[in-house]
Amino acid sequence: MRLLIVEDEEGISAFLKQGLEEESYAVDVANNGKAGLQLALSGEYDLLILDWMLPGLSGIEICRQFRKEFTDTPIILLTAKDTVDETVFGLQSGANDYIKKPFHFEELLERIKVQLRPKSGEHSIFVLGNITLNTATHQVHKDKDEIHLTQKEFALLEFLMRNKGKVCRRSRIIESVWDIHFDYNTGVIDVYINAIRKKLMLSENENYIQTIRGVGYIAKEL
């Protein structure tokens, strides 16, 4: 899951980024409203965390403009404002939740989990041939056998299965799974792909994770 934090207080944003990355989220940070809106509108994020008072553009204005393009992505507002009218105003502007500063990280983390919880009708289970991946229980099964993956292996397999049938470029994989945004030796992806294939014991007839030479990988049912 990829999150965007828009917060002009560097101490807060650095603390949140570190804590959320330790919880296996990929996190980007913007320190002003205009940069935050530009990143948000890229459509790359599963959830936004916005400070209300920002230089350049307020969190409320980001909410309003973002909602014109994306209606389902959750938004959590961080703010010192706490009157009922202000709370209602923030929610009416497009936010899904609202947390008052100062706050405990554990509370914010639980609010994030609630917002990212699969909604009614959505699935936390992804299927690829005889492989199932359950994001709710963090388990992978091949037929009836549980396959034990490391945290990063699970995140990589989840990314490929979420994008089943689509070619996933190396640059997109390294950004989404490793949270790296610069020129980087993406050969590390090959190491993890090989480890996943080995643990899944894929036969020639189970070539579900295919290499697209010079481009990346695709999860595809045969």
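With the structure loaded, tell me whether residue 165 is over 30 Å from residue 15 (Cα atoms) and surrounded by fewer than 15 Cβ atoms within 10 Å (Cβ to Cβ) or whether it fails that test. Here the answer is yes, as residue 165 does meet what is asked. Considering the range 168-209 alone, what residues qualify as being outside any helix (DSSP H, G or I) and surrounded by 12 or more Cβ atoms within 10 Å (Cβ to Cβ)? Hits for the range 168-209 are 168, 169, 179, 180, 184, 186, 202, 207, 208, 209. Only residues that are in a helix (DSSP H, G or I) and either out of contact with any strand residue (DSSP E or B) (no Cβ under 8 Å at 6 or more places or on another chain) or not assigned by TED's automatic domain parsing to the domain that holds residue 197 (or both) were counted in the range 128-167, giving 5. Within the range 84-110, residues that are among the basic types (Lys, Arg) have Cβ atoms under 6 Å from residues that are exposed (fewer than 13 other Cβ atoms within 10 Å of the Cβ) in these pairs: 100/82; 101/80, counting only partners at least 6 apart in sequence or on another chain. Just to be sure, is residue 196 touching a helix residue (DSSP H, G or I) at 6+ places or on another chain (Cβ under 8 Å) and in contact (Cβ under 8 Å) with a residue 24 or more places away in the chain? Yes; evaluated as a whole, the condition is true for this residue.
Looking across the range 92-112 at every residue that is under 14 Å from residue 71 (Cα atoms) and more than 22 Å from the chain's Cα centre (by Cα), the one that is modelled with the lowest pLDDT is identified as 92. Of all residues in the range 11-32, none satisfies being of a type outside the set (D, E, K, R), farther than 26 Å from residue 177 by Cα and crowded, with 17+ Cβ neighbours inside 10 Å. Of all the numbered requirements in (1) touching a residue at least 12 places away in the same chain (Cβ under 8 Å); (2) at positive phi, residue 214 misses one, and that requirement is (1).
Residues in the range 92-102 that are part of a loop (DSSP other than H, G, I, E, B) and among the aliphatic types (A, V, I, L, M): 95 alone.
Which of the residues belonging to the range 210-219 are crowded, with 17+ Cβ neighbours inside 10 Å and out of contact with any Ser or Thr (no Cβ under 9 Å at 6 or more places or on another chain)? Across the range 210-219, the qualifying residue is only 219. Scanning the range 33-61 for residues that are surrounded by 21 or more Cβ atoms within 10 Å (Cβ to Cβ) and of a type in the set (Asp, Glu) yields one hit, 51.
Among the residues of the range 24-39, those identified as assigned to a helix (DSSP H, G or I) and touching an Asp or Glu at 6+ places or on another chain (Cβ under 9 Å) are 33, 36, 37, 39. The single residue among 61, 44, 21 that is among the acidic types (Asp, Glu), more than 17 Å from residue 106 (Cα to Cα), in a helix (DSSP H, G or I) and not assigned by TED's automatic domain parsing to the domain that holds residue 138 turns out to be 61.
Taking the stated definitions as given, is residue 89 farther than 21 Å from residue 117 by Cα, part of a helix (DSSP H, G or I) and of a type in the set (Phe, Trp, Tyr)? Yes, satisfied.
The values are calculated or read from the model by the stated rules, or taken from the named source; none is laboratory data. Values in this document were obtained by computation on a predicted structure and should not be read as measured data. All Cβ positions, even for glycine, are placed from backbone atoms using ideal geometry, and neighbour counts span all protein chains on display.
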